[in-house]
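The values are calculated or read from the model by the stated rules, or taken from the named source; none is laboratory data. Every value quoted in this text rests on a predicted model; they were computed, and no experiment measured them. Note that we place each Cβ from the backbone using ideal geometry, even for glycine, and neighbour counts take in every protein chain shown. Areas reflect the complete protein model, heavy atoms only, side chains present, ligands, DNA and RNA absent. Shrake-Rupley method; radii C 1.70, N 1.55, O 1.52, S 1.80 Å.
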Amino acid sequence: NAGVTQTPKFQVLKTGQSMTLQCAQDMNHNSMYWYRQDPGMGLRLIYYSASEGTTDKGEVPNGYNVSRLNKREFSLRLESAAPSQTSVYFCASSEARKADALPWGWENVSNQPQHFGDGTRLSIL
Amino acid sequence: QKEVEQDPGPLSVPEGAIVSLNCTYSNSAFQYFMWYRQYSRKGPELLMYTYSSGNKEDGRFTAQVDKSSKYISLFIRDSQPSDSATYLCAMAPSGAGGTSYGKLTFGQGTILTVHP
């Protein structure tokens, strides 16, 4: 099982260039997430998608856009890269879904653990 | 003040030692508590997952949650060089109302080195 696959693994960009980071999962998960990881800052949520066709902002969305192409794929786009966006980007997926979408309204199912890809290391000069 | 605080270390211990890793948090709505292990140049992998308070044991690993103190711990017994990694705590609120969608809040991570 591949789990969560991210491409590319490494990329160097010049300031102002654009780029799309790709993510695909084969676990049939409903929810997908994009994080960035910086030294001393932990993982910070950029955008997430609770289900196919929906996306929402996370903690640090400025300068990024996302597309939930289908249930498997969730891409992150930098329209005009800036040096402050130099980071390691992680995609994750989970079974999390709306509690009220469940017939019995069981809230526990809405917070299943996330599974991560191995990241894209992005440097912007 | 960050919602989740974790001592970044680094922490260096000899092989066979008992390791204690800790996180404190301020959001009383957190109900789900996780520990992830991250090897160099890899993504985080889930190590332990607990709901609400109490202890959970899995092999050499024990996770403890004390909601009254807003404090969680991960203990590693008989530590091995292969345990050398960054350990991240993560938390999520209750899913009531369907608004959390599994969003996690992470600590900064603690770098652990176990030397032979």
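Provide, for q = 0.09, 0.12, 0.16, 0.17 Å⁻¹, the log10 of I(q)/I(0) from a solvent-free Debye sum over equal Cα point scatterers in the protein assembly as shown. For the protein assembly as shown, the Cα-only Debye profile gives -0.38, -0.68, -1.18, -1.29. Of the two radii for chain A, the radius of gyration is 0.99 times the Kirkwood radius, both from the alpha carbons; that is the Rg over Rh value.
The calculated FRET efficiency for the pair A:Lys71 and B:Asp7, based on their C-beta separation and a Förster distance of 51 Å, comes to about 0.85.
Each label was represented as a point 7 Å from its Cα along the Cα-to-Cβ direction; for B:Ser26 and A:Ser84 these points are 2.2 nm apart. Mean separation of Cα pairs under 8 Å and 6 or more residues apart, divided by the residue count, gives chain B a relative contact order of 37 percent.
Averaged over its residues, the range A:13-88 has an accessible area of 45 Å² per residue, based on protein heavy atoms and a 1.4 Å probe.
Normalised Debye scattering of chain B at q = 0.13, 0.14, 0.19, 0.22 Å⁻¹ gives log10 I(q)/I(0) of -0.47, -0.55, -0.97, -1.26, counting only Cα atoms as equal scatterers and leaving out solvent. Normalised per residue, the accessible area of the range B:1-65 is 52 Å², obtained with a 1.4 Å probe and no contribution from ligands, DNA or RNA. Measuring nothing but how far apart in sequence close Cα pairs (under 8 Å, 6+ apart) lie, relative to its length, chain A scores a relative contact order of 34 percent. Charge dipole (Cα centre; +1 on Lys/Arg Cβ, -1 on Asp/Glu Cβ; no other charges) of the protein assembly as shown amounts to roughly 500 debye. Quantify, in whole percent, the carbon and sulfur part of the accessible surface of chain B (1.4 Å probe; protein heavy atoms only). On chain B, the fraction of accessible area on carbon and sulfur atoms equals 50 percent.
Under 5 Å between amide hydrogens, built in the peptide plane, is the criterion, and for B:Leu47 it picks out B:Trp35, B:Tyr36, B:Arg37 among residues at least 5 positions away or on other chains. Evaluated over the protein assembly as shown, the count of Lys pairs having alpha-carbon atoms less than 18 Å apart is 11 (only pairs 8 or more residues apart or interchain). Association of chains A and B removes close to 2300 square angstrom of accessible area from solvent, both sides included, for a probe radius of 1.4 Å.
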